[in-house]
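Below: one structure, written as structure tokens.
Quick note: the coordinates plus some simple rules give every number you see, no bench work behind them. Source: prediction; values computed, not measured. Backbone-built Cβ (ideal geometry, glycine too); neighbour counts: all protein chains shown.
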There are 2 protein chains.
Amino acid sequence: MHEQLIKHLRTGDARALARAISFVENEASGYDEILLSLRRDSSATVIGVTGPPGAGKSTIVDGMIGELLKEQGRIAVLCVDPSSPFNLGAVLGDRIRMSEWYTHPNVFIRSLATRGSVGGLSPKIIEVTDLLRSCGFDNIIVETVGVGQSEIEIAALADITVVVLVPESGDEVQTMKAGLMEIADIFVINKSDRPDADLFEKNLQLLLAPAFGKRSREVPVIRTIATEKKGIPELVHRIKNDVRPGVNEERRIALLTEKAWQLMAKQRMREVDKLELRRRVEKGLQNHNLNIYSLVADYK
Amino acid sequence: MHEQLIKHLRTGDARALARAISFVENEASGYDEILLSLRRDSSATVIGVTGPPGAGKSTIVDGMIGELLKEQGRIAVLCVDPSSPFNLGAVLGDRIRMSEWYTHPNVFIRSLATRGSVGGLSPKIIEVTDLLRSCGFDNIIVETVGVGQSEIEIAALADITVVVLVPESGDEVQTMKAGLMEIADIFVINKSDRPDADLFEKNLQLLLAPAFGKRSREVPVIRTIATEKKGIPELVHRIKNDVRPGVNEERRIALLTEKAWQLMAKQRMREVDKLELRRRVEKGLQNHNLNIYSLVADYK
């Protein structure tokens, strides 16, 4: 059904890619055919860029594109924005900020909505990254907002993960964003001209000390001022230097196993009528005798 | 198998409850028997308390317990902390802050770990809340950290949802935490003695204006200084006044349908050997020809 599209995909055609992503994102008829045809290209480098909101991730990605373009090669950027009533605004914001590259022939930029998926990641982020991986890109940048657990998924997906912080991120590093510490292959302190940058870097280095962090490898910390493109060449150099195939293999196997499990569960649940399930839940609530565990045990 | 335990649960026995929660949390042998025996008690009020880290949620919950105890009745508190390497510390922190009530005969407090579940909610939060609902509590407070999508789940679970913010939450309200705006039945501005509290309240009210927020109902904003127990009586009064059965019914039906669907999927996936699935993923990655979509399609 999508033979033509799949053929165009293999030549790296941008319009075919855009169409294929839409098919996959919307689960449009035949989207599974596209996914079944993918050939994982292990020469592509997937770079995860994550961090709290407002850290300047998009500006850094923008700078990275320019830097990466100095080499030969094609670049894909996937922005994953959290689902929210204000989502559209955020997406447009990214687009405007990255507009310099929107028309460049070797740059492909796409935003994915998250559509209320639990964890803030798009339910199709793995599929779309797999798609990009099979379309001959040299570098694939996946930008996500690091909240909750989504950053752990992105780290499993990426060959190398850059965590972007700002000097004001102190509280976040201490509390919620502890997951960020675990997954970072490289730290960036953006807006590093702010007066509290030195103190923040010192504290970050303390947190990264082996005794505390239990990590054997050294995690570099790079200071940037993304709006002035300062530190971006160093960051890209470091990414190219530090990326080693297989470094995140354990996380990747776990993530892909989980994904495969979920796909299989979805397949096996195909014949379950969700509307009927909903009706029974609703009736149970109305009758004040709902027990979803027995509802499930007795179903059909 | 758990007949005795189930009988004790119905009498509201705290030790039986603690054991039952552990059974459910760890999926220990016979835990499904416990779940199947639950009788949903619709006279219990489930109060969700959520908001960004550092907003003072635990201190507010602490104050609420004291206020609610002035009436007759039993209170359960469920704290759900995000999974992180520092989780233990956070849990202990909550316990220390709430220690005043740990020994009170009419207060039952329990922390749930989230164990890396996507979305930052414990995978068993619905089960444990159902358990508490069937043990004769008058008020059940469920405290979660509002990051990503977890707050939407808590809103579906709760009869009324309190979103706790601080004057510094401006950025969060504007960007990531937009979901919080949607689910709040009551807003609390904690630490409201800070100089920027007035401006923050003004901005929050602007965001809540019908034209922007598309909401028909009015959402009250209550100012507190939780450390001095200021505003807590007003908050509890408002909760008692505003809670109406059925107000979140649509969200609750959707959440419970999704939960039932997931339980059913898990049941149907019981015979799939996850280790074997993992082996195939690993082998595919090693051979550079992994396509999880065809792996799933061809499985067995």
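Structural remarks
- At R0 = 51 Å, FRET efficiency that the Cβ-Cβ distance of B:Asp138 and A:Leu36 yields, to 0.05: 0.40
- Each label point was placed 7 Å from the Cα along the Cα-to-Cβ direction; for B:Glu250 and B:Ser43 their separation is 3.1 nm.
- The ranking of A:His104, A:His8 by Cβ neighbour count inside 10 Å, starting from the fewest, reads A:His104, A:His8.
- Rounded Å value of the spacing that divides the Cα centres of region A:8-71 and region B:13-71: 43 Å
- Sorting A:Thr144, B:Thr257, B:Thr224 by the number of Cβ atoms found within 10 Å of their own Cβ, with the fewest placed first, yields B:Thr257, B:Thr224, A:Thr144.
- Translational diffusion of region A:10-73, estimated by Stokes-Einstein from the Kirkwood radius over alpha carbon pairs at 4 °C in a medium of 1.567 mPa s, is 88 µm² per second.
- Reachable aspartates and glutamates, given that their alpha-carbon falls under 20 Å from the alpha-carbon of A:Lys202 and they are not under 8 places away in the same chain: A:Glu168, A:Asp171, A:Glu172, A:Glu182, A:Asp185, A:Asp193, A:Glu218, A:Glu234
- Going from the fewest other Cβ atoms within 10 Å to the most, the residues A:Arg251, B:Arg39 appear in the order B:Arg39, A:Arg251.
- For region A:13-85, the set of GluC sites (Glu not before Pro) satisfying both a DSSP loop assignment and a count of at most 13 other C-beta atoms within 10 Å is given as A:Glu27, A:Glu71.
- Cβ-derived FRET efficiency at R0 56 Å, B:Gln267 paired with A:Lys202, nearest 0.05: 0.60
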